[in-house]
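Scroll down for the structure; my scribbles are underneath it.
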Amino acid sequence: MEETKKLLKEITEGIQDKKGKRIVIADLTEIDDTICQFFVICQGNTPMQVSAIADSIKDFTIKGSHVKPSGMDGQRNAEWIAMDYGNVMVHVFIPQSREFYDLEHLWADAKLNDIPDLD
């Protein structure tokens, strides 16, 4: 669990480094039959910023934990990039896609931890 907490911290720092907003960490550990233990959800204002946030997350996790995502999807249009870190799934959205898919409500049973925006 300590490795996962360290990974969550690095992911959060990677998001904040590129001014990602509305970071939510959904703790799924108390829910049966989930694909992972944590979801990290955030947003950037444009597809370009969404791509930059995803790249920053990758840089922070490689530097800090020597871990890179086992899979990434959505880089082409960059409206929703999903990153698979095993125990942690990261979702980086543009605001319209985040609102449409509404993952926070999909996982309403999870403990949601809002990370304050830096600015």
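The values are calculated or read from the model by the stated rules, or taken from the named source; none is laboratory data. What you see is a predicted model; the values in this text were computed from it and never measured. Cβ coordinates were reconstructed from backbone atoms using ideal geometry, including for glycine residues, and neighbour counts include every protein chain displayed.
Odds and ends about this structure:
- Criterion violated by A110 - all others in (1) buried (at least 18 other Cβ atoms within 10 Å of the Cβ); (2) out of contact with any Leu (no Cβ under 9 Å at 6 or more places or on another chain); (3) among the small types (G, A, S) satisfied: (2)
- Flag if A78 is crowded, with 21+ Cβ neighbours inside 10 Å, free of Cβ contacts under 8 Å to residues at least 60 places away in the same chain and either in a loop (DSSP other than H, G, I, E, B) or more than 12 Å from the chain's Cα centre (by Cα) (or both): yes
- Checking G64 against (1) more than 14 Å from the chain's Cα centre (by Cα); (2) part of a loop (DSSP other than H, G, I, E, B), the condition it does not meet: (2)
- Taken across segment 30-39, residues that are in contact with a Leu (Cβ under 9 Å, 6 or more places away or on another chain), over 20 Å from W107 (Cβ atoms) and either touching a residue at least 60 places away in the same chain (Cβ under 8 Å) or not in a helix (DSSP H, G or I) (or both) do not occur at all.
- All positions within segment 7-59 that are modelled with pLDDT of 95 or more, surrounded by fewer than 18 Cβ atoms within 10 Å (Cβ to Cβ) and aliphatic (A, V, I, L, M): M48
- Against the conditions (1) among the charged types (D, E, K, R); (2) crowded, with 16+ Cβ neighbours inside 10 Å; (3) farther than 20 Å from T34 by Cβ, E104 satisfies every one except (3).
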